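Accompanying notes for the structure given below.
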Amino acid sequence: MTDEQQRERPSGVWATAVGVARVRALESERKNALFHDPLAQAFAAAGGLWPSSPPPGDEAARRRRAAVSSSIVIRTRFLDDLLRQASASGIRQVVLLGAGMDSRAFRMDWPEGTRLFEVDTAAPLDFKASVLRRERAVARCERITVAVDLREDWPGALAAAGHDPASPTVWIAEGLLIYLPEDAVELLLARIGALSAAGSRMGLTWGSRGVIERFGADAEPGSAASMWVSEMPDDPVGRLAGHGWEAVGHTLRERAAAYGRPLGTPPRHEEGPGGLISAVRR
């Protein structure tokens with residue numbers, strides 16, 4: 001690893017995005033992959049997580065990691081499909097909140113005129129930019145990065161970057177809400193609603209009920225699970241209806257079966273940590 005790469009090594013909450021890239025890289029190597037992410041391996045390598053090797057731990061820890069990995073794979077495919085459907089409906093404005101190492105601007109086919117905004121703090125965006133330069137990656141749409149903390153005035157920063165609230169937007173918050181306290185989740189949803197024209201769409205992943213107890217109680221310090229703070233409400237559909245959205249909830253198990261990747265029937269404490277939500281603005 002070069003000195004430049006060492007300086008770029010991720011830290012803090014956003015470092016989990018590199019772990020997600022590692023999972024996507026492993027999935028992309030499968031013959032029956034649910035998606036292909038050609039940049040994922042480069043992100044993982046730049047973050048020191050490639051070549052990949054199983055981390056140490058007992059059998060229970062390995063099962064929990066496998067469950068989290070499966071949830072990442074399923075949610076990635078679910079949101080890919082949602083974005084394709086939104087594009088087919090005529091939406092040409094995409095916002096990825098907490099974009100991390102998301103490479104959809106580069107790996108998906110976008111209709112002409114699509115503008116994709118990646119919102120995240122400067123550190124992951126800078127790290128990502130250095131990898132993209134080394135890989136000579138070329139976006140397949142107009143890609144606009146917005147360096148701002150989601151706890152600050154990100155709507156103002158997004159507007160300054162050119163987002164048009166009068167045009168329908170498809171919003172993606174993948175692997176994000178679980179790291180935000182409840183009041184921050186509520187504020188985020190309110191802000192998204194205020195910026196969404198009729199016909200806008202949204203894809204969310206939400207930590208399932210009890211996931212912090214099952215995964216976070218004995219999580220290693222610095223691991224993703226150790227930083228989880230919020231879970232899906234009892235009635236996520238009703239919660240989103242209060243913000244003006246018609247939502248549908250999906251389970252990981254349901255979507256995995258639909259994708260030909262059934263999860264089996266492990267004990268509850270070994271199940272993956274996510275619920276999947278698709279929504280349309282009324």
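For every residue, the table says whether it meets (1) buried (at least 16 other Cβ atoms within 10 Å of the Cβ); (2) outside any loop (DSSP other than H, G, I, E, B).
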{"residue": "MET101", "(1), (2)": "yes, no"}
{"residue": "TRP110", "(1), (2)": "yes, no"}
{"residue": "GLU118", "(1), (2)": "yes, yes"}
{"residue": "ALA129", "(1), (2)": "no, yes"}
{"residue": "VAL146", "(1), (2)": "yes, yes"}
{"residue": "LEU150", "(1), (2)": "yes, no"}
Problem set entry | Any chance ARG75 is surrounded by fewer than 23 Cβ atoms within 10 Å (Cβ to Cβ), of a type in the set (D, E, K, R) and assigned to a helix (DSSP H, G or I) | no
Problem set entry | Members of region 183-202 that are under 23 Å from VAL20 (Cβ atoms) and either hydroxyl-bearing (Ser, Thr, Tyr) or assigned to a helix (DSSP H, G or I) (or both) | ALA184, VAL185, LEU188, LEU189, ILE192
Seminar exercise, completed: When region 168-194 is checked residue by residue, the ones that are buried (at least 20 other Cβ atoms within 10 Å of the Cβ) and not hydrophobic (A, V, I, L, M, F, W, C) are PRO168, THR169, GLU174, GLY175
Problem set entry | Residue that is modelled with pLDDT under 95 and under 13 Å from the mean Cα position of the chain (by Cα), where the choices are VAL18, VAL95 | VAL18
Exercise. Restricting the first residue to region 96-118 and requiring it to be closer than 18 Å to MET202 by Cβ, which pairs with a second residue that is among the acidic types (Asp, Glu) and surrounded by fewer than 23 Cβ atoms within 10 Å (Cβ to Cβ) meet a Cβ separation below 6 Å and a spacing of at least six or different chains?
Worked result: ARG115/GLU142
Problem set entry | region 31-44 residues that are touching a residue at least 24 places away in the same chain (Cβ under 8 Å), paired with ones that are part of a loop (DSSP other than H, G, I, E, B) (beta carbon under 7 Å, 6 or more apart) | LEU34/TYR259; LEU34/ARG261; ASP37/SER103; LEU39/SER103; LEU39/ALA137; ALA40/SER103; PHE43/MET101; ALA44/TRP50
Exercise. Failed condition for GLN41, given (1) crowded, with 18+ Cβ neighbours inside 10 Å; (2) more than 25 Å from TYR259 (Cβ to Cβ); (3) at pLDDT 95 or above; (4) not β-branched (Val, Ile, Thr), with all others met?
Worked result: (2)
For this session: Would you be able to say whether some residue in region 157-167 is surrounded by fewer than 18 Cβ atoms within 10 Å (Cβ to Cβ), of a type in the set (S, T, N, Q), assigned to a loop (DSSP other than H, G, I, E, B) and out of contact with any Phe, Trp or Tyr (no Cβ under 8 Å at 6 or more places or on another chain)?
Result: yes
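The values are calculated or read from the model by the stated rules, or taken from the named source; none is laboratory data. No experiment lies behind these values; they were computed from the predicted model shown. A quick note on method: Cβ atoms are made from the backbone with ideal geometry, for glycine too, and the neighbour counts reach across all protein chains shown.
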